[in-house]
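Notes follow the structure.
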Amino acid sequence: MARPKITLYLDTISPFAYIAYYILRHDAVFKDVDITYVPILLGGLIHKCGGKPPLEIKNKDKWINTERLRWSSHFSVPMTVPLPPSFPPPASPPLTLTILRALVAISQSTSTTPSLLPKALDVLLPAYWVDRQPTFDPAVLTAVLADRVFDGDQAAADRVVQQDARTSQVKQLLVANTERAYEDGAFGVPWMVCTDREGRSEGFWGVDHLGQVARFLGLEVPGGGSGSGSGSGSQTATGGWKAVL
């Protein structure tokens, strides 16, 4: 029987995308799930859906800050308490555009096996959401990639940020990724397209729906039994799972 699969669409500007990414990467619940990470431009997705950026909605901007701290605490995800620099971001140009293009460029590299994309996300997401580094600054982005992704290879990091990320192919791929997310039903991030062992697929939005993700994929959760059941074990679930089951 096939392994369950998740495609996670994310933009590094979203604290909830970071939290979802961290959980999928580190929580044992997802150890037997094949996960694909797809960088998209959140602003482009929202525009395509005819929506309004969440931070421009009165009261929701304050709620987002409170909620990111709640969910990171529930699941023991490292998170800065003070907001990182330039957050909330300006509407234009998109703050993470250079980061996302660099991630797409890294995802397309054929010089490394396996792909360096998860390693780059492992580094860039906490660099902003934990260490409060202004990774949207190309110089900072290049330094972080050189030091922690390319093992000190400054030339490799320079090539990704200054050359590869600026090619029309990479720019078009980021647009295509965003379009693909839209076609898969996304209207925000984290958006997760989940495929169970029998090949059935559904989309889920947000950290607060990870319990539904586990249940749909038939995954065992701490103290909660198999996600494929009725969820009757939710009262004894542990950690962050108590909040989503």
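The values are calculated or read from the model by the stated rules, or taken from the named source; none is laboratory data. These figures come from a predicted structure and were not determined experimentally. Please note: Cβ atoms are built from the backbone with ideal geometry, for glycine as well, and neighbour counts cover all protein chains shown. Surface accessibility is based on the protein's heavy atoms, side chains included, excluding ligands, DNA and RNA. Shrake-Rupley method; radii C 1.70, N 1.55, O 1.52, S 1.80 Å.
Key figures
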| read-out | value |
| --- | --- |
| Test for T98: is it among the hydroxyl-bearing types (S, T, Y), more than 23 Å from T7 (Cβ to Cβ) and loosely packed, with under 13 Cβ neighbours inside 10 Å | no |
| Residue under evaluation Y22, criteria (1) more than 10 Å from the chain's Cα centre (by Cα); (2) open to solvent by 30 Å² or more (accessible area, probe 1.4 Å), criterion not met | (1) |
| Some residue of region 184-194 being of a type in the set (D, E, K, R) and assigned to a helix (DSSP H, G or I) | no |
| Criterion (at pLDDT below 95, closer than 25 Å to I19 by Cα, outside any strand (DSSP E or B) and open to solvent by 20 Å² or more (accessible area, probe 1.4 Å)) met by exactly one of G240, G223, G229 | G223 |
| Some residue of region 155-173 being part of a helix (DSSP H, G or I), open to solvent by less than 10 Å² (accessible area, probe 1.4 Å) and closer than 29 Å to I64 by Cα | no |
| Filter result for the condition that a residue is closer than 21 Å to Q212 by Cβ and loosely packed, with under 15 Cβ neighbours inside 10 Å, over D61, D27, D32 | D32 |
